Each structure stands twice: as C-alpha cells, then as structure tokens.
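See structure below.
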Amino acid sequence: MTDTTLYKTFAAVVEDALSELVASGDLPESTTFERVTVEPPRDPSHGDLSTNAAMVLAKPAKTNPRALAEKITPKLELHPLITSAEAAGPGFINIRLSSTAWIDELKTIDELGASYGRSGMGEGTKVNVEYVSANPTGPMHMGHCRGAVVGDALASLLEFAGHEVIREYYINDAGGQVDTLARSAHLRYREALGEEIGPIPEGLYPGDYLVPVGQALAHEFGDQYAGTQEAEWLPLFRKQAVAKMMDLIKADLALLNIHHDVFASEAALHEAGKPAEAEAWLRAHDLVYDGVLEAPKGKAPPEDWEPVELPLFRSSKYGDDQDRPIKKSNGQWTYFGADLAYHFEKASKADALIDIWGADHAGTVKRIRAAVSALTEGAGREVPFDVKLVQMVQLMRAGEPVKMSKRSGNFITIADMVEEVGKDVVRFTMLTRKPEAQMEFDFAKVVEASKDNPVYYVQYAHARISRSLRKAADEHAITPSADDLDRLGEDELGLVRRAAQFPREVEAAARAREPHRIAFYLYDLASDLHAFYTAGNKDTQKRFIVEHDWGLSGARLFLADAIGQVLRNGLGVLGVEAVESM
C-alpha cells in the first residue's frame, strides 16, 4: 500500500497551490478541495494531467474559472517536475510533466512490485460481499457463473483497495425446492437399492447428478427408509441432500478458484428464531404493523382473493411502492421476511453490505434496500447496502445458440466450461462487459488467438514480456537495469503513462464496485504494449533488445518488467493467471 504514486503526488501539488491562494485571499478560507480532481486528459495531446480545480472553485471565489486558472497555473509551474501548466477551454488546467516524473514512477512500480496499485482507501472497513447463493438443488451451471465471477473479483478488488472482506454464500435451504430435492434424492436412493424407478416423475429433479447422492444414502442407511412414510425420512434426506449438494457446489466453484468465508443457512436462521427477533425489533420501532395487504394492482383480483390481516413492513416509508408482508396467512415467513432477518444479521457484523444478484431479482431490490436502511438506521448504525444485478449469459458455439433445459437436467455446468476452455478464459470473459449488460459467451471465440479475444490479448502481452526477458538473459546475459532510464523516449514513456493509471483505476473501480473496469484497463495497457512490441518488427532500433546497445536494452527491459508487473497485479485482482508463455 502506498500514497506516493504519481496521481496522488500531483494531486497534493495542486492542493498546495490552492492552499497558497487561500492564504493570499484569492480563495475563501472556507474553501475545501473534495471536488478537485487530477486525472489524465481525455485527449492525450493536451498534456499528461488535467485538473478541474478552477472549474469547481470559481463560484466560491466569486470569479470565473478561466481567471482563477490563470492564478493557479504559475504556482504549478514552479514545481520542478512540471514543465507547463495551461488554462484550456472554460477553465480546465492541463499539465505537462518532465520525463523525470515518469521515470520516477517507473522506479516506483519496480520498488513496490506486487503492492503497486494497492490502496489504503478502504481503511480496513469490513465489507460483506454475498454472491452466488444458488439454491442447493444441483451443480453450478452457466446461470450462476457470471455472478460468481463478478462477486469474487469484486471481493478481491475491495481487499486490494484496503477493505477487510467477508465472502458469503447464503444457502436457501428452507424452501419448498429443498423438499423437492429430498424427494428426488429419495427416488435415487431407492434406485440405488435396486428398485426400478422408471421415468422421473414430473416435479422432481431429473438430473443424473443425484445418482451418486442416492448411492451414498443407500450405502449409509441401507434399506432403512425404502418403504417408510415420507414424514420419517424427509427431514433427514433434506439435510443429507443439501449437504451433498453443497459439497458439489463448493467443488464446482473451486474450479474457478472461488472460495467463500461464510456459508449462512436459511434453515439455521429460522431454527435460531432470527426472523421472529427481527419482527419484535421492528414492531418496537414501529416499522411493522398488522394491516391488510392491498389487492393486486392493474387488474381485477382473483375470485378467491380476500383481504387478510398480515404483519406488514413499512417499506413505503423508505421508497418502496407499498408495504410488504413478512409472514404469509398460514403463519410461515415470507421469503422477504427471512431475507430481512438475514440482512439484519449480516449488518451487525460488517460496515457495508454488497449483494450480487441475478437480474431476475430486480423487483426485490427496492424492498430489501428499504429494510436494511430501516433496520440499520433504527439500530443507530446505518450500514451502506448495495445490490449489483448481473444479466444472464447467452451461450453460443461458433455463432449458434446452445440450447439448454434445466428442467430436463440438460445444462452446461461450470465444470463443463472450465474443462473445455479453462478457468482463466471463463473468469476474464465474464468481466469483459458491465454486469448489467447482456453478454454472449461463444465457446469458439473465447479461445481465439486474436485481438478480439480480450483474455488472450492481455495474457499474450504478459507472455511477450516474459519471452523478451528470458531471451535477454539466455542469449545476451542482459537483465533489466535502471542505469540508463533517461534514454527512454516518448514511445516508452507512453507505456509508463498508461501503467501509472493503475492505482487510480483500482480506487475508482473499488468506489464504484465495478471490477470490470480493471479488465478494461488491462486490455488498454496490453494494447499499448503490443503496439510498442510490433513497432520493433519494422525497426530493430525499437525492440526491447537492441543489438550492441546493452544500456538502452537494459532500460527497455526494466520498462518491460514493470509493465509485466502491472499486468500481473491487475490479473491477480481478477483471479486470472499471468502466463509466462503461450
């Protein structure tokens, strides 16, 4: 972790210049700098850095941005590493740095190594990231994959940015689908005992993945539950089947190098009386009342509909369009009631909550946000809560859709995907688009050796660097050297400019909870590296290794090694390997 990387260094320089203007009376004493930014200009030809300081501070200074910029620029130009500072447009300030500034950053990358880009932004705050949380009724399939990768990459990103992260999986093991699982497992248990079961009855899970579950149950219990009443075996088989499904799910996730810290059980939540505790707390704070649920809107209610008094959570007080029941008319907890209690539990152990949900849960977001806001605010400790919605992925094969049916047990599992294309391809590809955007996963395209395949393009950039370093050491006995870094030219320093953006990209991605930004950044860095490398094919003087000029070669290898380090650091955040050869 460091606060001395280039953008933070020059953000401090800008603040020093502004502080001088406060001292001279050109800015009010009450001036704060929270809205002042220092970032790369949109057009690189405008300079190395750009600040909005004059734009955001002109109003409190009772002047126009351009006039304020003219007061700021002379102070910036006094800095030894700033070659020019110019007011542009309506009041932006574009800054050009000396080559020394970029060479210093190159040395910083080398010095910090695997820590380059790490941040203290999170200040150790504890963030609970809940992701996957699939029903424990079968193996992990493609429908779970994108959310699993997004959640895991987000957790790693937040850790890299200085947060303490809890990776959590919520096991939905209290609903009717778990009873269906138990009945399906019992059928396979009878099959394992030699009974001819015929076609799987409608309503049960037909997948062959339950065959070994039935065999294990037969091995453990013999024929003890073969002819008994359902009431005798259902609770036991429910527990056993869920445990075996969770073992399968954990093994599937491990293929993607995804591991959770906490597995929270919905059934255990009910057994511990947590929903009832939450209801009591909510009633004590006038957030639950007994009322009649409104009739369905927009259409006539069903003939058998009748008003029933239910305990309702005041979610409309927090932006929901109506109050929501936490119990059903039969006294059972609604899914919302259990979910409310679950989030209350999580909020007691973390400083912030993030849930990764499928886009089909969009309708639930508002009410859960309302619940978390009410519970935490009422407890005197408001806990920020964010939900990231992840769209489904359309599987393709050479441009043709892959047809699947979970109902028939015919679906592509995560294990299938990893076996066919590899963990790194799956992980990186899932992060090549914003999670809320639709995406296609084409089994043919994701393994193409082309610029159009982002994971190949980024990994190949690292492999090219590794190959150059090996060649230099094996054929010329040259290693990276900082002795002649002043010989690096504009093309080389352009690579440093891109690499130097990594720490700010990490912080921006962590603040926005958007790990895909790192994937986008790595693609841009790889593109710059490939362009530099390709130039050497036409002009031997532009190669990393220049024959008989070992000083320049050592400097360029130092640069290459640093770019490789940034690629490794970024890929590490995404859980993707930086390969040495391809």
Under the Karplus relation with 6.51, -1.76 and 1.60 and θ = phi - 60°, whole-Hz ³J(HN,Hα) for region 195-205, x at Gly and Pro, equal 6, 7, 9, x, x, 5, x, 4, x, 9, 7
Going residue by residue through region 257-267, the Karplus relation 6.51 cos²θ - 1.76 cosθ + 1.60 with θ = phi - 60° gives ³J(HN,Hα) values, rounded to whole Hz and with x marking Gly or Pro, of 6, 10, 9, 9, 7, 10, 10, 9, 9, 5, 4
The convex hull of the Cα atoms of region 450-574, divided by residue count, gives a volume in Å³ per residue of 101
Given 528-536, 168-176, the highest-first ranking by average Cβ count within 10 Å works out to 168-176, 528-536
With no solvent term and unit scatterers on the alpha-carbon positions of the chain, Debye gives log₁₀ I(q)/I(0) at q = 0.08, 0.09, 0.10 Å⁻¹ of -0.72, -0.87, -1.01
Of the residues Gly203, Phe237, Ser184, the Cα lying farthest along the dipole of region 176-255 towards its positive end, which is defined by charges on the beta carbon of Lys, Arg, Asp and Glu, belongs to Phe237
Helix 362-378 sits off the longest principal axis of the Cα atoms of the chain, rounded to the nearest 10 on a 0 to 90 degree scale, by 80
Going fewest to most other Cβ atoms within 10 Å around each Cβ, Met246, Met55 line up as Met246, Met55
Proxy exposure order for Val149, Val426, Val402 (fewest C-beta within 10 Å first) is Val402, Val426, Val149
The computed P(r) of region 6-97 puts the percent of Cα pairs beyond 16 Å at 47
Taking the alpha-carbon centre of each part, the distance from region 88-165 to region 26-76 in Å is 28
Expressed in angstrom and ordered largest first, the alpha-carbon extents of region 176-255 along the principal axes are 38, 25, 24
In debye to the nearest 20, the charge dipole size for the chain, taken about the Cα centre with +1 at each Lys and Arg Cβ and -1 at each Asp and Glu Cβ, equals 760
Scalar couplings 3J(HN,Hα) for region 306-321 by Karplus 6.51 cos²θ - 1.76 cosθ + 1.60 (θ = phi - 60°), nearest whole Hz, x for Gly and Pro, are 8, x, 10, 6, 9, x, 10, 8, 6, 6, 5, 5, 10, x, 6, 7
If one compares the long axis through the Cα atoms of helix 176-192 with the longest principal axis of the Cα atoms of the chain, the angle in degrees, nearest 10, works out at 70
Any residue on another chain or 5+ positions along whose placed amide H is under 5 Å from the amide H of Asp386 is listed here as Leu353, Ile354, Asp355
Dividing the helical contributions, -39500 (n - 2.57) per DSSP H run of n ≥ 4, by the residues of the chain yields a 222 nm value, nearest 500 deg cm²/dmol, of -15500 deg cm²/dmol
Using eta = 0.692 mPa s and T = 37 °C, Stokes-Einstein with Kirkwood Rh from Cα pairs puts D for region 27-181, in µm² s⁻¹, at 163
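Laboratory data are not the source of any read-out in this text; all were calculated from the coordinates shown. Because the structure is a prediction, the values reported are computed rather than measured. Positions of Cβ are generated from backbone atoms using ideal geometry, with glycine treated the same way; all protein chains shown enter the neighbour counts.
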